[in-house]
Structures are given as C-alpha cells and as structure tokens.
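Take a look at the structure set out below.
The values are calculated or read from the model by the stated rules, or taken from the named source; none is laboratory data. Everything numeric here is computed off the predicted structure, so don't read it as measured data. All Cβ positions, even for glycine, are placed from backbone atoms using ideal geometry, and neighbour counts span all protein chains on display.
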Amino acid sequence: MRKTILITGSSSGLGKTTARLFAHQGWNVVATMRRPEEERELVQLLNVLVTRLDVQDRVSIATAIEAAIARFGQIDALLNNAGFGLFGLFEATPPEKVAEQFNVNVFGVMDVTRAILPHFRQNKGGLILNISSGAGVFTLPMLSLYSASKFALEGFSEALSYELASQNIVVKIIEPGGIGNTKFEQRSGTETVQNGAIPDYDRFVAHTNDVFASLREVRLATEEDVAKVIYQAAIDGTNRLRYVATQDIKPMVKARRETSEDEYIAFMRTRFGVKA
C-alpha cells in the first residue's frame with residue numbers, strides 16, 4: 001500500500017516542492033493550503049489531494065484530515081510546513097503581528113498535530129515532521145520574533161517526541177537555513193517592519209543589514225535540496241530527532257551546540273554588536 005503524507009502550506013515554496021517530491025516517489029499526498037481553488041499544478045497528479053487547511057482555522061484542520069482519510073484510507077505522516085518570518089526590530093513590531101507570528105508558527109502546528117494524533121494512535125503509529133529553522137537553534141538580531149517562534153517549536157517538538165514514543169509515533173525536526181528565491185522569503189520581505197520609525201536604531205540596523213548581505217552571498221540551498229532531506233527523514237526508519245538541512249548554517253549550529261556559552265555569546269556580540 002502507498003503511504004500517505006499530509007503537508008501544510010503546500011501552495012508554494014518548500015511545501016509545494018516537497019509535495020511534488022513525495023508524489024513522484026509514490027506516496028499519496030494531501031497538499032493543503034488556504035486557497036486550493038488557485039492551485040493548478042498539484043491537482044493534475046493522480047495521487048495528490050489538494051484541499052483547504054488554514055492552520056489558524058481549527059474547523060478547516062479537522063475537515064482536511066477527514067477528507068484525507070476518506071480519499072486514501074489513512075494518514076501515515078504529517079509535515080508541519082506552514083509558516084512565515086517577521087524581520088525587523090522587536091520594539092517596532094505591532095503586538096498584532098507578534099500574535100500572528102506565534103499563531104501560525106507555533107499554535108497552528110500544535111492544533112494540526114493535536115487534530116491528527118487520535119488517528120495516529122488508532123493506527124498504532126505515525127510520523128510528525130516539523131519544519132524549524134537555523135533560527136530555532138541560534139538567534140539573530142532583527143529576527144527575534146521568528147527565532148522565538150522556532151525556539152518554541154523546537155522545545156515543543158522535543159518534549160512531544162518523548163510523550164509520543166509511548167504511542168509508536170515519531171517526531172522529527174528539520175532545520176533549514178537560507179533557501180534561495182522562495183515565496184517564504186518574499187513574504188518575509190513584505191512582513192518587514194518599519195525600522196526607520198525609531199531613529200535611535202538606525203546605526204545598528206544599517207550594520208546588521210550589511211552583515212545579512214554578506215551572509216546572503218553564501219551559496220544557498222534550493223527548495224529541492226531541503227525537500228530531499230525531508231524525504232530521507234521520512235523513510236530512514238530511525239527515531240533521530242533533528243536534521244540540519246542546509247550547509248550554510250552548519251558552522252553556526254556547531255558554534256551554538258559545541259562551544260561554551262561565553263565563547264558563543266562573545267562571538268555573536270562581536271559580529272552584531274554596535275554600541276550607541
């Protein structure tokens with residue numbers, strides 16, 4: 001029997017690329033998105049069900065899971081991919097945008113996961129793949145809220161993995177860094193707050209933007225590269241928790257996880273610190 005995976009945020013970018021890869025590898029794919037009526041490519045694949053799911057709408061979550069089971073019989077894996085990133089100064093970010101960042105990246109993941117767990121328990125097993133980020137391992141200035149949401153996701157996923165092991169349900173975390181030319185980055189650009197509204201930060205913002213510009217010069221992975229890591233995590237048969245998915249963040253991950261706290265913080269403050 002074909003295995004079935006449900007993927008959130010499949011309308012574009014990494015979600016769509018991953019849906020395409022799993023379908024081509026012979027899986028049934030439930031490609032969920034907020035506006036399925038606009039999808040043109042995935043609906044052409046026989047083993048793909050395109051259906052509506054908004055992670056901020058619990059009714060749509062339940063309806064999508066029911067539709068998936070009705071179409072394919074059962075769901076074997078869930079990929080929590082839907083998300084976006086706020087970029088900018090914390091002080092300049094309106095509270096409603098802070099709430100949206102967590103509603104999508106954290107509470108949305110929790111709601112989809114909670115909704116599918118009874119089905120996994122009934123099947124005596126399942127797999128949950130959560131898309132985190134390098135920003136869920138180390139923090140960067142101007143990404144405080146995105147980092148906070150991904151740190152929360154990392155903590156939630158790790159703790160949940162201990163609980164669900166008792167139910168033969170495996171939780172895995174995928175940690176990508178920079179991915180070139182994605183709709184995620186395009187949305188993050190539109191979500192950039194108006195940093196110029198607080199002139200006291202101008203010098204710091206200019207310096208930080210220069211650092212990020214230098215980081216973008218590093219060869220970025222493609223969506224296809226990350227999708228392959230997700231696929232391997234889904235089929236490797238292990239209970240491994242974390243997968244670093246792109247080369248560009250490996251030095252930062254190593255510094256965060258393998259050097260002393262004092263050395264790491266000193267390194268980061270030297271790189272990003274600008275005094276008034």
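The table below lists the values:
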read-out: Verdict on THR238 being β-branched (Val, Ile, Thr), surrounded by fewer than 18 Cβ atoms within 10 Å (Cβ to Cβ), within 20 Å of LEU79 (Cα to Cα) and modelled with pLDDT of 95 or more; value: yes
read-out: Test set (1) assigned to a helix (DSSP H, G or I); (2) over 21 Å from ALA19 (Cα atoms); (3) not polar (S, T, N, Q) - ILE116 fails condition number; value: (2)
read-out: Inter-residue pairs, beta-carbon under 6 Å, first over 19 Å from ILE169 (Cβ atoms) and in region 223-239, second in a loop (DSSP other than H, G, I, E, B), 6+ apart; value: VAL226/PRO176; VAL226/ALA245; VAL229/ALA245
read-out: Number of the condition not met by ILE65 [criteria: (1) surrounded by 21 or more Cβ atoms within 10 Å (Cβ to Cβ); (2) modelled with pLDDT under 95]; value: (2)
read-out: Members of region 88-102 that are among the charged types (D, E, K, R) and assigned to a helix (DSSP H, G or I); value: GLU96, LYS97, GLU100
read-out: Conditions (1) in a loop (DSSP other than H, G, I, E, B); (2) surrounded by 12 or more Cβ atoms within 10 Å (Cβ to Cβ); number of the one not met by ALA227; value: (1)
read-out: Per-region count, region 1-37, residues part of a loop (DSSP other than H, G, I, E, B) and either closer than 21 Å to PRO176 by Cβ or not aliphatic (A, V, I, L, M) (or both); value: 12
read-out: Failed condition for GLU66, given (1) in a loop (DSSP other than H, G, I, E, B); (2) within 23 Å of GLN167 (Cα to Cα); value: (1)
read-out: Which numbered condition ARG40 fails, given (1) part of a helix (DSSP H, G or I); (2) out of contact with any helix residue (DSSP H, G or I) (no Cβ under 8 Å at 6 or more places or on another chain); value: (1)
read-out: Residue list for region 144-165, restricted to those being under 28 Å from LEU215 (Cα atoms), out of contact with any Gly (no Cβ under 6 Å at 6 or more places or on another chain) and surrounded by fewer than 22 Cβ atoms within 10 Å (Cβ to Cβ); value: SER144, SER147, ALA148, ALA152, GLY155
read-out: Checking ASP54 against (1) in a loop (DSSP other than H, G, I, E, B); (2) of a type in the set (Asp, Glu); (3) surrounded by fewer than 16 Cβ atoms within 10 Å (Cβ to Cβ), the condition it does not meet; value: (3)
read-out: Only listed residue being of a type in the set (Lys, Arg) and either modelled with pLDDT under 95 or under 20 Å from the mean Cα position of the chain (by Cα) (or both), chosen from ARG35, ARG71; value: ARG35
read-out: Looking only at region 190-211, and only at residues there that are in contact with a Phe, Trp or Tyr (Cβ under 7 Å, 6 or more places away or on another chain) and modelled with pLDDT of 65 or more, the one that is nearest to GLU100 (Cα to Cα); value: THR208
